[in-house]
Amino acid sequence: MKLTFHNVTFERASRPLFSHIQGELQAGDCLHIQGANGSGKSTLLRILAGLMEPQAGTVCWQGHSIFAVRASYQQQLHYIGHKNGIKPPLTTYENIQLQCALRNGEHTPEELEAILKQLRLENLRDTQAMHLSAGQLRRLSLAKLLLQKTAVWILDEPLTALDSAGQDYLLQLCQEHLAQQGILIIATHQDLALEKIKTVHLNKKTVPMPSLAVKPTPLDEPMPNLATLSRSIATTFYHEIKTILRQACSWLTPLLFFVIVVCLFPLALGPDPVLLHTIAPGILWVAALLATIISMGNVFRQDEQEGYLDLLALSPLPLSLLILSKLLSHWATHCLPFILISPVLGALLQLTLLQELTLITALLLGTPVLCLLGGVGAALLVGLRNHGLLLPILIMPFYIPVLIFGTSALLAAGFTQPLSGYFAIMGALFLLSSACAPFLTSIALRNGVSQ
Amino acid sequence: MLHWLNQRFLSPKLFYETSTAMLPWLVALFTLTFAYGLIDGLFFAPADYQQGDGFRIIYVHVPSAFTAMAIYAVMACCAVMTLVWRIKIAAVCMACSAPLGAWFTLLALVTGSIWGKPMWGTFWVWDARLTSVLILLFLFLGFLALQSVIIEQRNRDRATSVLAIIGIINLPIIHYSVIWWNTLHQGPTISKFATPSIAPSMLYPLLAMIAAFLFFYVFILLLRMRNQLLLRDSQTTWVKEALQ
Amino acid sequence: MSILHMGGYGAYIWSTYGLTLLVFGFNVFRAWQEKRYVRKIILQQIKQTP
């Protein structure tokens, strides 16, 4: 079992952070990365984990580049970064359930409770993570180490915020991991009382050992077990819904926004029923577009802040499926409410009954497309501060086909013309976007995570 | 042929040298085609039966629109090359083409609406073609906005590539839905902006102008790409030599 | 004068052609400006790192 890295170089703003780092780690090896603040320890660890790409050089697992065998490597890797990768609105126990699902693992509730006890968090089982202290959150982030045995551990300053009991516990875990022939890569300021074999000082740019050319050994690809996969994805979906629902402000606001925008138009244009009946399709659809795109701005925000996106990028589960589950949960909580209330507003705008039914169907078909496209846009903007209205500017031109066919369907319903063609086209748009958008979103997310 | 292209264009240094050789030719070709198209189009092509001399605006409007769409197609190809094969030149080409695309789209819109005034009596008509060009302008501006916000160069290349790819997938869909929307709301009457069947004496200057605009695009593109490559590789030796 | 008049469409035609030339000229100017800026920056960098 070998993890080798050769000639790794990374620059930031055209200045080399570190260059020509190389090494070879075998089972039972520990690599301690030291250096002053800003010397690039976290960057090097992220490169070794596969979250970032080096400017030059390669990282190889069993002789294969880690990008070529991404699924196998990530199955064997645990990465703990600066951030904890938890969801604040979920309880401690739910967070551990989510971590288990993300690792595609199967654990009975008793096993999860036992892990809680080991982490001394059993009394905080049903406390929401937002109420935990920094040290308790750090211990929670260690849960994944206990959930699954993997070959490689990459830990970035894991001892921060931990009290001395916690630190001793973690070092004990590390020792057991090494004894079980695992590979440990750790960055910390403190001296470790472990059997250090190799050290890298990033400031001194020492080259610890020559790396030997490794012949690629055949890797067994992780067997996709459909039952476990679907259960894991379903669990993540369920937890995402719970996360969103517990933050009432985030999902009720699109609903209110929709209502207010629709009500602005009669105020602006006058209450003439004939006029309102004519322009109602446009008003309702434009309001739906605006409400959706504004809610899409927040879809990845909390995950990015908590480091949860790193976990998504490193999960053995296919990233496209994780993204689909996340966007579906976003749609269900942010768009479905205003879809359900739209007939009421339609009545305010003098829609006929057939138009009301068409409205609900068209919105049900069209808003998922809006969410999928918005998801790509939101992923493109991960890591950027204060981008304000950039997401609407980028994505709203792509909403135009949905807008055109959605409003035309409503107009046709007003004249009792056949509607099947419109629904067919909107269905086709939905299929096309659900095929393309998750893939593009995963590229954009990996790009965003590597910043 | 592919190998020759690979050799010539994929390394920044070779690209710089090759483009240095190409630039004079581009200027010559542009001057020839532009002069011919301009003179023939403005003075020698016979006046149109319906529109009189006003149709001569076609010689700047159609090339602008054509070049704008060609630029987007080039950007989309470069986006695929950037994401799939990590070709740095493709990323630079895409980044430099974007402002040019925006300019040509804007020019097409403005010339189109100036043409509209004498033809339809109004500066703007929501017909399918002009609306599609307007949306194309939004796509270019969105691309430029995203480009300006991301600081790290590699992330910027990849993110803008993804945006370009979404755009190229959506562009036919948007175009056809706008055409359809237009027929829906205007009814079955033929759009007043019907393209007449065009006589050869009118066609040749048009083709020449299209070629001229494309030569101009490539010329400015190469100039800007050279500048960007010098900046990106500013620490390497070939840049230092090239500037001495 | 008939050249300027262009059968009554003179204003429209010449304004469009004029705008086209403006856009062309502006882009050439920007490319040239960028080239000067890049040269300046890189030559400074070369002087700074011997």
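When the alpha carbon coordinates of the protein assembly as shown are projected onto the principal axes, the ranges are 95, 75, 41 Å, largest first.
Per the Cauchy relation, a quarter of the hull surface: what is the mean projected area of the convex hull of the alpha carbons in chain B, in nm²?
15.4 nm²
The range A:146-163 and the range A:320-381 have Cα centres separated by 41 Å.
Helical runs (DSSP H, four residues minimum) scored at -39500 (n - 2.57) apiece and divided by the length of chain A put the mean residue ellipticity at 222 nm at -17500 deg cm²/dmol. How far is helix C:10-48 tilted, in degrees, relative to the longest principal axis of the Cα atoms in chain C, given as a value from 0 to 90 rounded to the nearest 10? So the helix axis and the longest Cα principal axis differ by about 0 degrees. Grouping the Cα pair distances of the range A:87-149 into 10 Å bins from zero gives a pair-distance distribution of 24, 62, 14 percent in increasing distance order. With a threshold of 21 Å on the Cα-Cα distance, the over-threshold entries among A:Lys149/A:Lys326; A:Lys117/A:Lys144; B:Lys88/C:Lys40; A:Lys242/A:Lys326; A:Lys41/B:Lys240 are A:Lys149/A:Lys326; B:Lys88/C:Lys40; A:Lys41/B:Lys240. Axis of helix A:420-449 versus longest Cα principal axis of chain A: the two differ by about 30°, to the nearest ten degrees. Which of the aspartates and glutamates could be linked to A:Lys83 by a straight reach, that is with a Cα gap under 15 Å, when you skip same-chain ones fewer than 8 residues away? The qualifying aspartates and glutamates are A:Asp156, A:Glu157, A:Asp303, A:Glu304, A:Glu306, A:Asp310.
In chain A, the DSSP beta bridges split such that about 50 percent are antiparallel, to the nearest 5.
Full extension of the chain between A:Leu226 and A:Cys249 yields a length gain of 4.7 nm, computed as 0.36 nm times the residue separation minus the alpha carbon distance. Taking 37 °C and 0.692 mPa s as the conditions, I'd like the Stokes-Einstein D for the range A:309-362 in µm²/s, using the Kirkwood hydrodynamic radius from alpha carbon pairs. Rounded, D is 245 µm²/s. At full extension, A:Gln118 and A:His20 could sit 31.2 nm farther apart than now, given 0.36 nm per residue minus the alpha carbon distance. Report the gain in length on full extension from B:Leu14 to B:Trp85: 0.36 nm times residue separation, minus Cα-Cα distance, nm rounded to one decimal. That pair, B:Leu14 and B:Trp85, stretches by 23.7 nm at full extension.
In this structure, B:Lys240 and A:Phe439 have a Cβ-Cβ separation that, at R0 = 35 Å, corresponds to a calculated FRET efficiency of about 0.25. Taking the centroid of alpha carbons for each part, the range B:76-122 and the range A:114-144 are 53 Å apart.
Label separation (B:Asp48 vs B:Tyr176): 2.8 nm, computed from points 7 Å beyond Cα along the C-beta direction. Quote the FRET efficiency, to the nearest 0.05, computed for A:Ala165 versus A:Lys242 with a Förster distance R0 of 25 Å and r equal to the Cβ-Cβ distance. Taking R0 as 25 Å, the efficiency between A:Ala165 and A:Lys242 is 0.20.
Between the helical axis of A:164-179 and the longest alpha-carbon principal axis of chain A there is an angle of about 70 degrees.
Debye-formula intensities of the range A:226-345, expressed as log10 I(q)/I(0) at q = 0.22 Å⁻¹, are -1.20 (one equal scatterer per alpha-carbon, no solvent).
The Rg/Rh ratio for the range C:2-48, using Cα coordinates for both the radius of gyration and the Kirkwood hydrodynamic radius, is 1.46.
Note that the range A:226-449, at 37 °C in a medium of 0.692 mPa s, gets a Stokes-Einstein diffusion coefficient of 181 µm²/s from its Kirkwood radius over C-alpha pairs. Largest first, the extents of the alpha carbon coordinates of the range A:14-89 on the three principal axes equal 43, 31, 27 Å.
With the simple model of a label 7 Å out from the Cα in the direction of the Cβ, A:Thr416 to A:Ala428 spans 2.9 nm. The modelled label-to-label distance between C:Gln48 and A:Met130, using points 7 Å beyond Cα along the C-beta direction, is 4.5 nm.
A short reminder: the numbers here are calculations on the coordinates, not readings from a lab. No experiment lies behind these values; they were computed from the predicted model shown. Glycine also receives a Cβ, built like all others from the backbone with ideal geometry; neighbour counts cover every protein chain displayed.
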